[in-house]
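Take a look at the structure below.
The values are calculated or read from the model by the stated rules, or taken from the named source; none is laboratory data. Quick caveat: nothing in here was measured; it's all calculated off a predicted structure. Cβ coordinates were reconstructed from backbone atoms using ideal geometry, including for glycine residues, and neighbour counts include every protein chain displayed.
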Amino acid sequence: MGRILGLHGGFGGFGSEVQKWVCSGSHHELFQRFDEIYLIDDFVDRIPTKVVTRQKILSRTDFIEKKGQHELFFNILIGDSKVRQKIWEFYAKHQVAPATLVAPTAEVNSNLQQVEGGVFCQNSIVTTDAKIGKGCQVNIYSYIAHDCEIGDFVTFAPRASCNGHVVIKKGAYVGTGAVIRNGSRNSPLTIGAGAVVGMGAVVTKDVAPNTTVVGMPAKPLPN
């Protein structure tokens, strides 16, 4: 019986980016190696057969069918948090375990063993005493400072920066180049569940749930 990792991310998308450094064997020493690594695509029938064979692409059904002979693990590399959660529930139903992936150039100083199914890409940084929820994505050059609490299925786009004492609730999205100022121990700055921080925004105060903010300083988009 072998250990097989499925990267559920879509051919040509974020999954393909992560696939390159994971397949090279270059990931954090805390995490176990895998005997085989596949890219899982829900539209595999639209991809040329030669590409499917060369890049080891499977449908999720074909991946699950390997469960009887192998120990399966998954990571979901899709930016939409609602889609990510739905796929997560599918794998949980089939008793497939989440795998956390950390690029060799990432600096993650929090307790990684408590992170479920996260991905920390090249040159991302998570400093001390940060708590990271399940299924989170921390993209290239992103930064999460001390004493932050990051909820389940939160997404950090490339170069997003979050200073200390910030709480980001479930399913929030922090856009490319966005900056979230620090809160304080007694009054953390809070980004509500499902909120979207726009590309390049500078957040200086709390963001309500399911609200999109843009600009510098960040303000809600008008209805």
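Structure notes:
- Residue in the range 47-70 that is in contact (Cβ under 8 Å) with a residue 60 or more places away in the chain, in contact with a strand residue (DSSP E or B) (Cβ under 9 Å, 6 or more places away or on another chain) and within 15 Å of Asp152 (Cβ to Cβ) present: no
- Residue match in the range 141-151 (condition: touching a residue at least 24 places away in the same chain (Cβ under 8 Å), outside the structural domain of Gln85 (by TED's automatic domain parsing) and among the β-branched types (Val, Ile, Thr)): no
- Test: residue in the range 132-143 that is surrounded by fewer than 19 Cβ atoms within 10 Å (Cβ to Cβ) and among the small types (Gly, Ala, Ser): no
- Pairs, first over 21 Å from Lys169 (Cβ atoms) in the range 76-94, second among the aromatic types (Phe, Trp, Tyr) and part of a helix (DSSP H, G or I), C-beta under 8 Å, six or more apart: Leu77/Phe14
- Single match in Val108, Val119 (criterion: touching a strand residue (DSSP E or B) at 6+ places or on another chain (Cβ under 7 Å) and either free of Cβ contacts under 8 Å to residues at least 12 places away in the same chain or buried (at least 23 other Cβ atoms within 10 Å of the Cβ) (or both)): Val119
- Condition check for Phe43: aromatic (Phe, Trp, Tyr) and within 25 Å of Gln122 (Cβ to Cβ): no
- The condition (being buried (at least 19 other Cβ atoms within 10 Å of the Cβ) and more than 24 Å from Lys82 (Cβ to Cβ)) is satisfied by just one residue among Asp147, Asp129: Asp147.
- Residue that is out of contact with any helix residue (DSSP H, G or I) (no Cβ under 7 Å at 6 or more places or on another chain), of a type in the set (S, T, N, Q) and more than 14 Å from Phe156 (Cβ to Cβ), where the choices are Gln114, Gln137: Gln114
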